[in-house]
Amino acid sequence: MSFVLLLIVSFLTCIGQVCQKQAVVSWQTDSLTKARKTIFWLFVAIAMLGLGMLFWLRLLQILPLSIAYPMLSINFIVVTLIGQFVYKEPVNIKHWIGIASIMVGIILMSIQV
């Protein structure tokens, strides 16, 4: 159950962050409808992040914060991949090494001694 909740929270927060980026992209275009598109993307971002927060609160009832919060670092990978492939943002090797270091830390934290 906690794993499913964690995936839902991660998915919703990633979508919310991507919608924020899309709102900025919409605002930067020279379109007459840019205000409507920007407001739409901001509304979707707020809705996704709000829904994610509700699932997050439920997750915190099941898992300790010290375990749940680091697990959300999967968002670093998902958002980086979306930025790279959807928005054509450059991602260098140092960025990937940083993400890998965070993930190794998460794995080390999750090992039961």
Only one of these is hydrophobic (A, V, I, L, M, F, W, C) and modelled with pLDDT of 90 or more: I97, I106, I77. Name it. I97
Output the qualifying pairs, or none if there are none: Cβ atoms under 8 angstrom, residues six or more apart or on different chains, first residue in the stretch 89-113 and over 16 Å from I74 (Cα atoms), second residue at pLDDT 90 or above and open to solvent by less than 70 Å² (accessible area, probe 1.4 Å). E89/G83; P90/Q84; V91/T80; V91/G83; V91/Q84
Report, by residue number, each residue of the stretch 21-60 that is part of a helix (DSSP H, G or I), in contact with a Lys or Arg (Cβ under 9 Å, 6 or more places away or on another chain) and open to solvent by 50 Å² or more (accessible area, probe 1.4 Å). W27, Q28, W41
Which of (1) touching a Lys or Arg at 6+ places or on another chain (Cβ under 8 Å); (2) of a type outside the set (G, A, S); (3) open to solvent by 70 Å² or more (accessible area, probe 1.4 Å) does L5 not meet, given it meets every other one? (3)
I need every pair where a residue in the stretch 62-78 that is within 12 Å of L7 (Cβ to Cβ) has its Cβ under 9 Å from the Cβ of a residue that is of a type in the set (S, T, Y) and surrounded by 16 or more Cβ atoms within 10 Å (Cβ to Cβ), sequence separation at least 6 or different chains. M71/S10; L72/S10; L72/T13; I74/S10; N75/S10; N75/T13; V78/S10
Which numbered condition in (1) open to solvent by less than 60 Å² (accessible area, probe 1.4 Å); (2) within 19 Å of the chain's Cα centre (by Cα) is the only one that L81 fails? (1)
Mind checking which residues of the stretch 61-78 are open to solvent by less than 60 Å² (accessible area, probe 1.4 Å), part of a helix (DSSP H, G or I) and either among the small types (G, A, S) or touching a strand residue (DSSP E or B) at 6+ places or on another chain (Cβ under 8 Å) (or both)? A68
Note: among V18, V91, just one is outside any helix (DSSP H, G or I), of a type in the set (A, V, I, L, M, F, W, C) and surrounded by 12 or more Cβ atoms within 10 Å (Cβ to Cβ), namely V91
Of the residues that sit in the stretch 1-32 and are among the small types (G, A, S) and out of contact with any Ser or Thr (no Cβ under 8 Å at 6 or more places or on another chain), which one is modelled with the highest pLDDT? G16
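The values are calculated or read from the model by the stated rules, or taken from the named source; none is laboratory data. Since the model is a prediction, treat every value here as computed from it, not as a measurement. Positions of Cβ are backbone-derived with ideal geometry, glycine not excepted, and every protein chain shown enters the neighbour counts. Calculation scope for accessible area: heavy atoms of the full protein, side chains included, ligands and nucleic acids excluded. Shrake-Rupley method; radii C 1.70, N 1.55, O 1.52, S 1.80 Å.
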